[in-house]
Each structure stands twice: as structure tokens, then as C-alpha cells.
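Inspection log for the structure reproduced underneath, given as C-alpha cells.
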Amino acid sequence: MKEKIMVVDDETSIADLVEVYLKNDGYEVFKFYNAADALDCVAKEDLSLAILDVMLPDMDGFTLCQRIRGEHFYPIIMLTAKVEDIDKITGLTLGADDYITKPFNPLELLARVKTQLRRYMRYNNADAYSEKDTDELDIRGLQISKSSHKCSLNGKTLPLTPIEFSILWYLCERRGTVVSSEELFEAVWKEKYLDNNNTVMAHIARLREKMNEPARRPKYIKTVWGVGYTIE
């Protein structure tokens, strides 16, 4: 079955170009130029991934991302013409999995699509990656299972995206050890870490929000300033 990818961008030339590259690679593409039509598609189709432009005529891409994330956990990649870090952080905090800045190489976007889909498929087909029963950890009520890709806190299921799960598992597995942002990024994203990369910080903030963790005095994910993050 073809994976279904939704592309939303009001710049028709960009949307059309992305559509061509995705279709040539075997994906089924749903292309829209506004958020309203995109939301109709989200309600009707079983999508595998969404590519959203930040600037749309009827709703900004961040809001659209948040609307989608309220019901679905497939990967979301943001397209932005803005290079300010705050825009990237906002998108990731609202639940996006990755971003790419315009102008971009369509082949780079295609590579990121494949990376996100591989991670998502692994997350949703955990049985194929099941390992030993020891791949389950319980840290003061925070229960996480690598084999089932499920996580709960005090009995309540945490609705984590694949990347959020990977971050939390990596930290839990190294409980008591401080993990740098660079190590965490390269382990989860499988890409080289660049200076001033705030991606990890944004996802940590999102995790704390889902865990109802106070930013100043978190119980689980703690910041070691100038070094990284740890779960004690």
C-alpha cells in the first residue's frame, strides 16, 4: 500500500514541485493550498505524513499543526521561509517533528520524509522490533516499554510522537547520566548536530508539557545547565 502524504502550501509552484518528487518516489499525494481543505483531508484520509507551510492564507501552519496533532501522531514536517529560531521552536513545541527552510532542495526534503516515515513505521509496528522483556523501565511511576512503544505516567497513557518516545527512552535508559543536547540529537535524529540547534530543547519542553512537569522544578527530566539533560 502506498504511503499517503499531504502537502499544504499556498505557493503553487512549491506545492507542485514537492508533489512531483513525492509521486515519482511512489507516494500517494494529497495537495492543498489552504488549511481548510487540508483539515477536510485529515478527517477523511488515513495519512502517513504531512508537510505544512507556515504561511497559509486562512490559518498559519503552526495552528494547523496543532489541530492535526490533537488527533493524530503521524510525522509533520514544517516548511518555513523564516530563519528565526523562535519560529522553528514554536513549530516543534506544537508537535512538528522536523522543519526545513525555504528555499530547499527537493531531494533533501524527500530524504527527511523517508527518515520520518521509517521512524513512524517502526513506532507503529513495534512487534517487528520486539526485544527482551528487560526493554521495559519503571522510574517512580513513569513506565516506558521499548518493545511495545508505550509510555504511561502514574497509570495515565502519554500520547507521545515517535521522536518524543525516542528522546524519553534514551534518557530513561541512561538514568543517572547527563546526556548532552548534541548526543541526544545525533542519537534520535541520526544527523550531525549543529551549533545553536534548539530542536532538542523544544522537544524536551513538549515532553514536560505532556508530563505536566513544571519547567522550573521538574520531577523527571532535569536540565543540567551548560551540560544537558538527565533523569535521576
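I need the trypsin sites (Lys or Arg not before Pro) found in region 134-187, filtered to DSSP loop residues with at most 14 other beta carbons within 10 Å of theirs.
Numbers: sites: R140, K146, K150, K156, R174, R175; in loops: R140, K146, R174, R175.
Hits after loop and neighbour filter: R140, R175.
Within region 19-111, which trypsin sites (Lys or Arg not before Pro) sit in a loop by DSSP and count at most 13 neighbouring Cβ atoms inside 10 Å? Write down the numbers at each step before the final one.
Details: sites: K23, K31, K44, R67, R69, K82, K88; in loops: K82.
Within region 19-111, the qualifying trypsin sites (Lys or Arg not before Pro) (loop, at most 13 other Cβ atoms within 10 Å) are K82.
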Listed residues G95, G70, G155; largest mean-square fluctuation, Gaussian network over the chain with Cα springs below 10 Å, found at G155
Over 30 Å (Cα to Cα) - which of K4/K222; K23/K156; K88/K114; K114/K219; K114/K210; K23/K44 fall in this group: K4/K222; K23/K156; K114/K219
Can you tell me the length gained on complete extension of the stretch E173 to S13, counting 0.36 nm per residue apart and subtracting the Cα distance? 53.1 nm
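Given R₀ = 41 Å, what would the calculated FRET efficiency be for K2 paired with R140, taking r from the Cβ atoms and rounding to 0.05? Write down the numbers at each step before the final one.
Numbers: r = 44 Å, r/R0 = 1.06.
Result of the calculation: an efficiency of 0.40.
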At the level of C-alpha centres, the distance separating region 181-232 and region 47-119, in angstrom, is 20
Calculate how many DSSP beta bridges within the chain are antiparallel, expressed in % of all such bridges and rounded to the nearest 5. 45
Could you look at region 1-94 and say what percent of its accessible area is carbon and sulfur, using a 1.4 Å probe and all protein chains? 51
Expressed per residue, the solvent accessible area of the chain in Å² (1.4 Å probe) is about 51
How many nm separate the modelled label positions at A43 and N24, each set 7 Å beyond the Cα in the direction of the Cβ? 3.6
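The values are calculated or read from the model by the stated rules, or taken from the named source; none is laboratory data. Nothing here was measured: the structure is a model prediction, and the numbers come from that model. Here the Cβ is made from the backbone with ideal geometry for all residues, glycine too, and neighbour counts use every protein chain on show. Ligands, DNA and RNA are stripped out before the accessible areas are found, and what is left, the full protein with its side chains, is counted by its heavy atoms. Shrake-Rupley method; radii C 1.70, N 1.55, O 1.52, S 1.80 Å.
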